[in-house]
Amino acid sequence: MKLVLAVILGSLFGFALFYVGAASPKKIQSMLRLEDLSLMKIIVFAIGFSSVLLALSIQVGMFDITHLSIKPMHFGVVIGGLIFGVGFGLAGTCPGTCLAAAGGKGRRQALAAILGGLTGALLFAVSYDWWKGLGIFDMMDLGKRSLFVISERFPSVFSLGTGGLLVVGGLFMLIAYVIPLQGRRTKK
Amino acid sequence: MSKQKWMIQALVLGTVFFLATWIVKPVGVSTQFSILSGKMYQAVDSSLIQENPTREHGYQSSNAYYDKEEGKLAEEIMHPITYDFVFVLAIPLGGFIAYLFSKKKRKTEETSEKSSCPLEERRQGMLRTYGVSFLGGVLLLYGARMAGGCTSGHMMSGMMQGAVSGYAFAAAVFAVAIPVAIYRGRKGGRR
């Protein structure tokens, strides 16, 4: 049953990524160059909207909070994010979107990114010990911390509950609404 | 693009994210790259993972990364048919369905776009395009595994739940990705 759900939800996710244009490296790079900002509007709004849905469903007791999962914060998140950013800017794709693109037009380019990704994941596994020795996973260690109290399992920054998440979600939607569709003009 | 289309697209994406979390768990992708590449590693080096019933996940690995958290990844490499793995395998399927829909719509646009690119330029750009994509992929997953998640897991699922790590990841990613993309655009390296 879980695997059936995996197929349905996974393909829904792939469908949505492709539908919003996130499967196109051109579109992502245009967003990162701050030219065509439509994708940024979409992503910021989507994060806000899902946050609002999450906060509301927890408040009315329709959400099984054991489903929540907060990832730990440590210095590796920052260094990893910086490395990820270089790849993101270069290739204009990310681990999820290159998979969605593998089913569509930029198929071969997406496959190149996937093969690169498998290589990168392997390289990390091999070099993990070295990074661990440097102690980056122990620096800036804030644990599985969330901004607001959403579950007893996770420590929080503020003592506010899901109301805080609701407000932040609304704020994200508002910011997305204000972001212009067209940013910097393309220089040709 | 029509003025309100972006909002419909955003509502679809946001709803899918919420649905996945509501029904099963938050969306995550990058871990499965570790599982699949670990499976390949194991095919070459069969001593990589061994059974160890005393541990929580029942396995141990000579590699410290697969071995961490009581052999959690080691177990998934041995038994990869999990919800997360199948979810990730289904992403291209959904992409393909969306592609079929979009193809019907803009068949006319596409043909004009293709012919505008000279053959010679296309051939020359080929190696660069695929090479850059491959290199990009290497960096993406190296970084994502170090951070413990990618755009899906950290940025979208994480920020949706108000995770501190999600905000930190997003800030680090965009601080670098924006200048890199602008620089690459200036160099004429746009694909």
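Rule-based calculations on the coordinates, nothing more; no lab input. This one's a predicted model, so the numbers in the text were calculated from it and none came from an experiment. Please note: Cβ atoms are built from the backbone with ideal geometry, for glycine as well, and neighbour counts cover all protein chains shown.
Just a few scattered comments:
- Three-way shape label, chain B, alpha-carbon gyration tensor, a/c 1.5: prolate
- Spacing of the modelled spin labels on B:Lys105 and B:Leu127, each 7 Å from Cα toward Cβ, amounts to 3.8 nm.
- Candidates B:Arg145, B:Arg106, B:Arg128: whichever shows maximal mean-square fluctuation once chain B is modelled as a Gaussian network with Cα springs under 10 Å: B:Arg106
- Anisotropy class of segment A:2-178 from Cα gyration tensor, a/c 1.5 cut: oblate
- Ranked by how many other beta carbons lie within 10 Å on average, peptides B:153-166, A:26-39, A:69-82 from highest: B:153-166, A:69-82, A:26-39
- Close amide H pairs (under 5 Å, H built 1.01 Å from N) link B:Ser30 with B:Cys150, B:Gly153, residues at least 5 positions away or on another chain.
- Helix content alone sets the calculated 222 nm mean residue ellipticity of the protein assembly as shown: runs of n ≥ 4 DSSP H residues at -39500 (n - 2.57) each, divided across all residues, give -22000 deg cm²/dmol.
- By average C-beta atoms within 10 angstrom, highest first, the peptides A:7-17, A:118-128, A:168-178: A:7-17, A:118-128, A:168-178
- Annotation: amide H of A:Gly103 within the under-5 Å range of B:Phe96, sequence separation 5 or more or interchain, hydrogens built in the peptide plane.
- Karplus-derived 3J(HN,Hα) values for segment B:8-24, using 6.51 cos²θ - 1.76 cosθ + 1.60 with θ = phi - 60°, are 4, 4, 5, 5, 4, 4, x, 5, 4, 4, 5, 4, 4, 5, 5, 7, 10 Hz; glycine and proline are entered as x.
- Between 0 and 90°, nearest 10: helix B:164-186 axis offset from chain B longest Cα axis: 40
- Inter-chain shielding of B:81-89 (mean C-beta neighbours from other protein chains, 10 Å cut-off): 6
- Relative contact order [Cα under 8 Å, 6+ residues apart], segment A:2-178, whole percent: 34
- Partner shielding of B:58-69 amounts to 3, given as the average count of beta-carbon atoms from other chains within 10 Å of each residue beta-carbon.
- Full extension of the chain segment joining B:Lys68 with B:Ile81 gains 2.7 nm, where the gain is 0.36 nm per residue of separation less the Cα-Cα distance.
- Taking one quarter of the surface of the C-alpha convex hull of the protein assembly as shown gives a mean projected area of 19.3 nm².
- Relative to the dominant Cα principal axis of chain B, helix B:83-105 is inclined by about 10°.
- Mean per-residue shielding of peptide A:125-134 is 4, counting Cβ atoms of other chains within 10 Å of each Cβ.
- Proximal charge balance of B:Phe85 [Cβ under 15 Å; K/R count +1, D/E count -1]: +1
- Between A:Gln182 and A:Leu56, the FRET efficiency from the beta-carbon distance, with R0 = 35 Å, is close to 0.60.
- Across A:Lys27/A:Lys71; B:Lys25/B:Lys68; A:Lys41/A:Lys105; A:Lys71/B:Lys39; A:Lys41/B:Lys39, pairs whose alpha-carbon gap is larger than 32 Å: A:Lys41/B:Lys39
- Rounded if a/c under 1.5, otherwise prolate or oblate - segment A:133-188, Cα gyration tensor axes: oblate
- A:Lys105/B:Ile8 FRET efficiency (R0 22 Å; Cβ-Cβ; nearest 0.05): 0.55
- Using the average count of surrounding beta-carbon atoms within 10 Å as a protection proxy, the listed peptides A:52-61, B:14-23 rank, highest first, as B:14-23, A:52-61.
- The relative contact order of chain B, computed from alpha carbon pairs under 8 Å that lie at least 6 residues apart in sequence, is 21 percent.
- Between the residues A:Leu166, A:Ser30, A:Leu3, the greatest Cα displacement towards the positive end of the dipole of the protein assembly as shown, with unit charges on the Cβ of Lys, Arg, Asp and Glu, is found for A:Ser30.
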